[in-house]
Amino acid sequence: MSVSSGAASARALLAALAVSPFASPAFALAADPANPADPKSSEVDQVLVVGRGDKPVTVVPRGLAVSLGQTEFEAINAVNVEDLMKYAPDFFVRKRFAGDDNAVVALRGANTVQSARTIVLVDGLVVSNFLGNRYDYPPKWNVVGPAEVRQFDIVYGPYSARYGGNSMGGVISVTTREPEPGREVYANAQTMIMPFKEYGYDQTFKGYSAEGGVSYKQEDGPWSVRGGFRHFENTGQSMTYNLLSATTGTGTAVTGAYSDSRLATPVFGGASPVHVIQDQLRLRVGYAAANGWDIQVLGLAWKTNQDLTNPRGWLVDASGKPVYQGKVTYAGKTWNATGLTFSETDRTEYLAGLKLDGPLAGWKASFNLSRYWIPDQDSRTSNDYATGASNGAGTQSRQTKPGWWTGDATFDRAFGKHEIGLGLNANLYEAGTDTYATTHWHTATAPVYSTSTYGKTSLWGVWAEDAYDLDGNFVLTGGLRFDSWRAFDGGIGKRVSGARVDSRYPERDETSVSPKLSLQGRIPGDFELQVSLGTAKRFPTVGELFQGRFDDITRQIDPTSYDPNLKSEKSTDASVILRRKFGKVRSTTSLFYQDIDDAIFSFSGLNQYGTVITSYKNVDKVRQYGLELILEASDVLIPGLDIDANVTRIDAKTIRNRANTAAEGVKFPRIPDWRSSGNVRYRISDSLKASLGWRYASRPNSDLFGLVRGDAYGFQTEYFTVDARVSWNVTKKAQLSVGIDNLFNDQAYVSHPLPQRTFVFDIKTKW
């Protein structure tokens, strides 16, 4: 990694800080004996949660659970809403730049291209994009801004029957702020500045956001309303560098390429820096009826423009004239310079939801119904650099109103020592894309139909859970879930001999039964214990099933381009959590195990026509296990000093892969052996706070066979970033903050370059 010796020393110091609380029990036992443990520590907690948000946890906390609230949020340079979780244990968000649409979550051994293994909710409504399972199917984070969030709750693993197989990695619940009695108005402004230097880039990228809103709740009436907006604009660094490819013959003699010993060939250019504009609108109206029912109607709108119309080429010929493409001679060899293009995307998205909670025949009932849809997504791309610069030929890709419906009903009631929960869930996911060839890429002039892909999946499930109080010290929870899944209306269309021809995929259906069991209580030594077991089945998404190749000769889907027998992923999971409090310090140890049969993985290879085909296939068995150590300390060492720190050791391997045994025994891609993160917060005074945070992960494999490893563009690399923030409450209603992310300018990659040192300035007001 490219860091100075001073940065390396800081890296070692912070890593030691992350690990030392667990390596030395004396630290935890050094709490002031004059300050006894929390009196509640002698009782069994109803929930076992790391951290505590401002309100009760909003997801069922079986297995490791983390709740984050304003205390944690105020110590974070949060540019986008997913930043608020950046120091959570064993957790990583693949965020490549501020405003990135492809911010996929990785919990434990679910890596950053397995987006369908995590359920994400906003106010109980599903925003997970289960139309695919890849880096470009992330949760729809940006339907809400950072200032709107009240709490983040994260549960790791599928240990509750309330959630379907997509909880194989975990469940994340985002809860927005509720209207307070009376009226409140807030406004926030933020600026981001990132000097960036690599290859031919040496410039400063800038962005800003403006967020505001108003809420009102009747003092003595049932109505409440909260509305808000956010405008966000930023230019992020280039996501892709273009490398020369070897060829024969002769070409234009050039200079200006960058030879990097870490890469196979020289770098000659880079994709356009990503200019992003996002606008969000949110509205929530509530009615609290006299009979105990609470009704909420929510509406969210999100409009995005991504402009990549400034690609860079660094080659020049003997006369100094730029060369952007074609056959060239550099360093005594002949190369092809290809891949620079221009593109622009516009997208509009909506989320609408209805929530009802209240008593029903002695039960506590809740109902959620939501619809997420994308009525317009238009992407336009040039064929190459020359056509891009001249508004020449290109392609247009239009989404055909993809989206999803989700609904659920939950019923809870106590019967003596039993806490019974019953419920049902259902969803429908639909996707479709049409592609056209155009004579002028930017204006999409004279579009001619080219190809289509489309398909649907549906799922409904029922579940039951019983939490039984054994003896006042232990609670045993058993659960059972049944799911029925169907994939249908899938196909490919293509223009052949001047006319559209379609070929359909066969329909598929499948069911699953998933049992769950959890025991929680207190054991001798004043330890809290939770043991959880569970199974889960994740059914394939539209994108995994219906993305093959159309054969022009047979006029059918090429059977070698997809797996018609693609199986669902099936996991068997176990978790053991042990917690103890030592005065002002609370430590949590979490052991986890997951065995996955038929893990779905994306493979690339040549078909019989010499075309590279990417398709999803099953890996017979993948196994992971690990240990998470978590420390929470308040007013430790000196008054006003709080520390949250965690370290994780993960072992994730391919155990069996009959299709290619070379993968067996190899560490599964994109999952590091070690992760650590943490946050140190210091209350200098009532109005002045400072914090220091860190995130670390060791270098993972970049491919299934462990052959691709490196510390440069194109690889999955290790990272160690240190963040700092200072906040000053100028008045009771205004706050100024200054922060630096990636303080030591660590250069890391998730194939694409991650952000370099970034300065963040905030002003927040409310009245």
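The values are calculated or read from the model by the stated rules, or taken from the named source; none is laboratory data. As the structure is a computational prediction, the values presented were derived from the model and not from experiment. Methodologically, a virtual Cβ is constructed for each residue, glycine included, from the backbone with ideal geometry; neighbour enumeration extends over all protein chains shown.
Taking the criterion of being of a type in the set (Phe, Trp, Tyr) and surrounded by 18 or more Cβ atoms within 10 Å (Cβ to Cβ), the residues of region 421-449 that qualify are TYR429, TYR436, TRP441. Restricted to region 347-377, and to residues there that are among the acidic types (Asp, Glu) and touching a Ser or Thr at 6+ places or on another chain (Cβ under 7 Å), the residue that is nearest to VAL126 (Cα to Cα) is ASP357. Residues considered: ALA712, ALA748, ALA662. Of these, the only one that is under 30 Å from ARG134 (Cβ atoms), of a type in the set (Gly, Ala, Ser) and in contact with a Ser or Thr (Cβ under 7 Å, 6 or more places away or on another chain) is ALA748.
For the condition of a type outside the set (D, E, K, R), over 30 Å from ASP635 (Cα atoms) and at pLDDT 95 or above, what is the one hit in SER698, SER702? Exactly one residue qualifies, and that residue is SER698. Could you list, in sequence order, all residues of region 501-526 that are surrounded by 13 or more Cβ atoms within 10 Å (Cβ to Cβ), under 22 Å from LYS456 (Cα atoms) and not acidic (Asp, Glu)? Those that are surrounded by 13 or more Cβ atoms within 10 Å (Cβ to Cβ), under 22 Å from LYS456 (Cα atoms) and not acidic (Asp, Glu): VAL501, SER503, ARG504, TYR505, ARG508, SER512. Of all the numbered requirements in (1) surrounded by 20 or more Cβ atoms within 10 Å (Cβ to Cβ); (2) closer than 16 Å to ASN111 by Cα; (3) out of contact with any helix residue (DSSP H, G or I) (no Cβ under 8 Å at 6 or more places or on another chain), TYR696 misses one, and that requirement is (3).
Residues in region 666-687 that are within 15 Å of SER702 (Cα to Cα) and in a loop (DSSP other than H, G, I, E, B): VAL666, PHE668, PRO669, ARG670, ILE671, PRO672, ASP673. All conditions but one from (1) among the small types (Gly, Ala, Ser); (2) touching a residue at least 24 places away in the same chain (Cβ under 8 Å); (3) more than 27 Å from PRO138 (Cα to Cα) apply to ALA361; the one that does not is (2). Of all positions in region 299-312, none carries a residue that is over 28 Å from ASN102 (Cα atoms) and in a strand (DSSP E or B).
Does ILE172 meet the test of being among the β-branched types (Val, Ile, Thr) and under 21 Å from GLY99 (Cβ atoms)? Yes: the conditions hold for ILE172. One residue alone among GLU544, GLU528 is more than 26 Å from the chain's Cα centre (by Cα) and acidic (Asp, Glu), and that residue is GLU528. Taking strands (runs of 3 or more DSSP E) as the structural unit, those lying wholly within region 415-507 and holding at least 2 residues that are closer than 22 Å to LYS567 by Cβ and either without any contact (Cβ under 8 Å) to a residue 60 or more places away in the chain or β-branched (Val, Ile, Thr) (or both) correspond to 448-469, 474-496.
Quick test for you: out of ILE277, ILE295, pick the one residue that is part of a strand (DSSP E or B), of a type in the set (A, V, I, L, M) and under 24 Å from TRP441 (Cβ atoms). If you could, list the steps in order and put the result at the bottom.
Values: ILE295 fails: under 24 Å from TRP441 (Cβ atoms).
The conditions single out ILE277.
Here is the figure for region 650-689: residues that are in contact with a helix residue (DSSP H, G or I) (Cβ under 6 Å, 6 or more places away or on another chain) and touching a residue at least 60 places away in the same chain (Cβ under 8 Å) total 2.
Taking residues in region 544-570 that are closer than 14 Å to GLU510 by Cβ, and partners anywhere that are part of a loop (DSSP other than H, G, I, E, B) and of a type in the set (A, V, I, L, M, F, W, C), the pairs with Cβ atoms closer than 7 Å and at least 6 places apart or on different chains are GLU544/LEU566; LEU545/LEU566; SER568/PHE539.
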